[in-house]
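Participant: Before I ask anything, here is the structure I am working with.
The values are calculated or read from the model by the stated rules, or taken from the named source; none is laboratory data. Small disclaimer: the values here were computed from a predicted structure and weren't measured. Neighbour counts run over all protein chains shown; Cβ positions are idealised from the backbone, glycine included.
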Amino acid sequence: GAVRIKKEDGAEESVFVAGGILEVQPDRVTVLADTAIRSKDLDEAKAKKALEEAKASRQNAKSKAEIAKIEATMSALAAQLAYIRHASRH
């Protein structure tokens, strides 16, 4: 999903994150994410290609663990694509 970082100088930066945990303290928020990509670094074509490759590898997966890992990757890539499409409209 989307995380907006507001820096001390007032500048803002958007980051796409997937997986992980969020900790909220009175004076700070800590995000420990499996994936974090600055919005400016996201590439829709690259994400689409990675999703197609993951779908292809899913068909050849042999174990339940391998299938679960690939499906988690596919889910994160689908969320990334949704984020990119949403961001491009705003």
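Participant: For region 7-21, how many residues meet the condition of being modelled with pLDDT under 90 and either in a strand (DSSP E or B) or of a type in the set (Asp, Glu) (or both)?
Facilitator: 1
Participant: A further question follows. Could you check how many residues of region 23-56 are hydrophobic (A, V, I, L, M, F, W, C) and over 23 Å from residue 68 (Cα atoms)?
Facilitator: Number satisfying all stated conditions: 5.
Participant: Here's a follow-up. Criterion first (under 20 Å from residue 14 (Cβ atoms) and either over 15 Å from the mean Cα position of the chain (by Cα) or part of a helix (DSSP H, G or I) (or both)) does residue 50 satisfy it?
Facilitator: no
Participant: Shifting gears a bit: If you check residue 40 against the conditions, is it touching a strand residue (DSSP E or B) at 6+ places or on another chain (Cβ under 9 Å), at negative phi and assigned to a helix (DSSP H, G or I)?
Facilitator: When the stated conditions are applied, residue 40 passes them.
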